[in-house]
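The values are calculated or read from the model by the stated rules, or taken from the named source; none is laboratory data. Everything numeric in this text was worked out from a predicted model, so none of it was measured. For neighbour counting, all protein chains shown are included, and Cβ atoms are generated from backbone atoms with ideal geometry for every residue, glycine included. For the accessible areas, the whole protein counts, side chains as well, though only heavy atoms, and no ligand, DNA or RNA atoms are used. Shrake-Rupley method; radii C 1.70, N 1.55, O 1.52, S 1.80 Å.
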Amino acid sequence: MSVPSQQGETPIDSSNRLNMPSNANVNQILQTYYQKKGYNQGELAFIQQQDVTSEHNILSLEQLTKKLSRETESSSKETLPDYIKMLKDEPQKGGGDLDAPFHEYRNLREWIYNALDLYKTDLYSILYPAFVHTFLHLMSKKLVDYALDFYKEYKDDHIENHNKDLDELEKIKTTNDIQNNAIAKLYLNNKYHIRMPSIPFELFFQYIQDNRYINLIRIVNQYLNIHILTSKLSPASAGGSMAEEGIAGHFNNQLDEFHQATSVNLESQNKDDDEEIDLNKVKEEAILESMQLDDIAAVPYRSTDIQAELDSLSELRKRVSLGSAALPSVCVYTFHNTHDLLNCISISEDTTLVAGGFSESFIKVWSLQGKKLLSKLEEEEGQPGTTFKKLIGHAGPVYGVSFSYDNRYLISCSEDQTVRLWSLETFTNLVCYKSHNYPIWDVDFGPYGFYFATASHDKTARLWSCDHINPLRIFAGHLSDVNAVRFHPNSKYVVTGSSDNTARLWDVQRGTCVRVFTGHTGPIHTVAVSPNGRLMASGGEDQSIIIWDLGSGKKLKSMTGHTGFIYTVSFNSDSTVLVSGGADGTVRAWDVKMGTPYEHTNDTFDSKRTKYDKTNGKQQNDKKETEKAKPTTDMSKRKKGSLESNDHLSVFPTKHTPIYTVQFTQRNLCLAAGALSSPSLDL
């Protein structure tokens, strides 16, 4: 800006004129001054154009400063949204990005979900307090819409373990509601205790520091009290994390409330339970239907169904009652020369067939009756048949096989992300089902056929029907691989076991989780539901078996004795004895009732067996059997090692055969199968 002299001014003497700066110097001085004050080039150009037409063309620095400060103050007095004022007033507390708390939590959640399975369970305990304090922080800063959207999006992650607290937090709709909410005040005024091994904690803290997550760092410093575990044990194995984590004096584990809020129907659909059928009601319904549907003929009862029922009754007459006084007989099938390529084994319900899935992408089916297998085509052509049938179709290792209840079909799953349905009449592939995005670890046919379920590395289990190529339900909720899946006897529920150390019970109709079972300290590899539908057993890498009550979702007891990973468990027909097998090459029998509320009950929970015993006058007296078994049990306790729990009945060792599957027949004979492994050489 030039500074010309005015004609009406007092003349300046030559000595003063020599001391005055030139126009160029004045412009440079002004530019330097305004740049120090934070003005950019566009604002400087605007300043130079001010008051050009005024009477006095010269403006002092003080006048320009006052003029610009007045304009700035007038603009700041305009009405601004609350979140803009928050970002201007508190840039050091997460300002600069309105969605910073939202994005930080979302990124942390994604990072934990993609973490190694070894640390995922420990890291997951941080998510809930981070969720609560992120929600309260957004709400306290009057970011109501963001807070409500955040709560709605991530509430379902924690509803199982903190259902009651979340119901109270959901009542917060405005900033003022925080002071009137007891749960919010509890979390703001108390520290949340977390027990975590040192390595997961270091990974977590390094992650939030490297990404400069200011809000998460503030939450950790102000509201969390993380106890570092120096031992190698996980929090659960070090004494039960669920009882010690959370806010002191507050009931933090609210899993029981979640279970009570969701009821389950565990009654088995038994076609022979005539006592439970109201014959008068059936008669009335039959009359009404006949009046309205005269033209519809009744479906004929096939001769094959009649023969199957007769065979079932014949096996039922020969069933042996098992218990602490009568241990099961075990028949073990050992597969030789598999060269560690046999991944899974399944035995048909009538014990006539056995199938194995191999790493070389094929399935083999053998007859357990010593007969040669014939396809329909071979039978028509008069060919003699073969000792086994090879089913080829998968493009990767086969990890699971399951027979249908009538032995007409076989279902298999593979690393190639597909499920295949095979006909056991023609020994050919019928359907290929595709939906999973990762390898499928397990598959199970429903108790009535038609439906089957799969478990996959993509952290989901899925329900299918044989006549649809797409899944009917997707069961999502596990944090890691779903390793095992089994149907409930009434086919209304599905049980899954996962590498996140939990098992879950899913409602088939709604596709939702109705029970969460926490207690294992390692990945779960096998689950089984008792024939009476009331109990569930799970086992895995922590070398322990846990019995659960499906109705209440509570842990009944834990059974120890195995010295290796547990691969398979199975209940007998009376739900009184459990048999397990694993990598230690042993088959072990356990007393299911001992140490549970069912210990002193005489009910075997098996209607077929009870009716038959009543008819023949052979109903057993469990009290007498228990008294007879006391000496045997006491002697066995003396011989047991320190690792075996009191409910351990017996152990059946093999030479070098890890047990892949165990299964009870209708006669309560236990069948087990495994592949012979070469003994390790200790050098």
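Values for this structure:
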quantity: Nonlocal amide H pairs with residue 660, under 5 Å, H built at 1.01 Å; calculated: 673, 674, 675
quantity: Prolate/oblate/rounded label for region 436-593 (Cα gyration tensor, a/c 1.5); calculated: prolate
quantity: Placed amide H near residue 460: partners under 5 Å, 5+ positions off or other chain; calculated: 482
quantity: Amide hydrogen neighbours beyond the local backbone of residue 224, cut-off 5 Å, H modeled; calculated: 192
quantity: Within the accessible area of region 383-539 (1.4 Å probe), percent carbon and sulfur; calculated: 51 percent
quantity: Relative contact order %, region 102-233, counting alpha carbon pairs below 8 Å whose residues are six or more apart; calculated: 27 percent
quantity: Region 414-536, relative contact order in percent, only Cα pairs under 8 angstrom and at least six apart counted; calculated: 17 percent
quantity: Value of relative contact order over region 316-437, rounded to a whole percent, pairs C-alpha under 8 Å and six or more apart; calculated: 18 percent
quantity: Protection-proxy order for peptides 382-389, 194-201, 432-439, 336-343, each taking the mean of Cβ atoms within 10 Å per residue, highest first; calculated: 194-201, 432-439, 336-343, 382-389
quantity: Karplus 3J(HN,Hα) series, Hz, for region 510-520 with 6.51 cos²θ - 1.76 cosθ + 1.60 (x for Gly, Pro); calculated: 8, x, 10, 7, 10, 8, 10, 10, 10, x, 6
quantity: Too-long pairs where the Cα-Cα distance tops 18 Å, listed order kept, from 164/185; 155/554; 555/593; 120/459; 120/554; 152/191; calculated: 155/554; 120/554; 152/191
quantity: Residue-by-residue Karplus 3J(HN,Hα) for region 567-580, coefficients 6.51, -1.76, 1.60, Hz, glycine and proline x; calculated: 9, 7, 9, 7, 8, 7, 5, 8, 6, 10, 10, 10, 10, 9
quantity: Contour excess over end-to-end distance, with Cα ends at residue 379 and residue 40 and 0.36 nm allotted per residue; calculated: 112.7 nm
quantity: Per-residue HN-Hα couplings for region 212-229 [Karplus 6.51, -1.76, 1.60; θ = phi - 60°; Hz; x = Gly/Pro]; calculated: 6, 7, 5, 5, 5, 4, 5, 5, 5, 6, 8, 10, 10, 10, 8, 8, 8, 8
quantity: Per residue, in Å², the accessible surface of region 480-519 once ligands and nucleic acids are set aside, probe 1.4 Å; calculated: 23 Å²
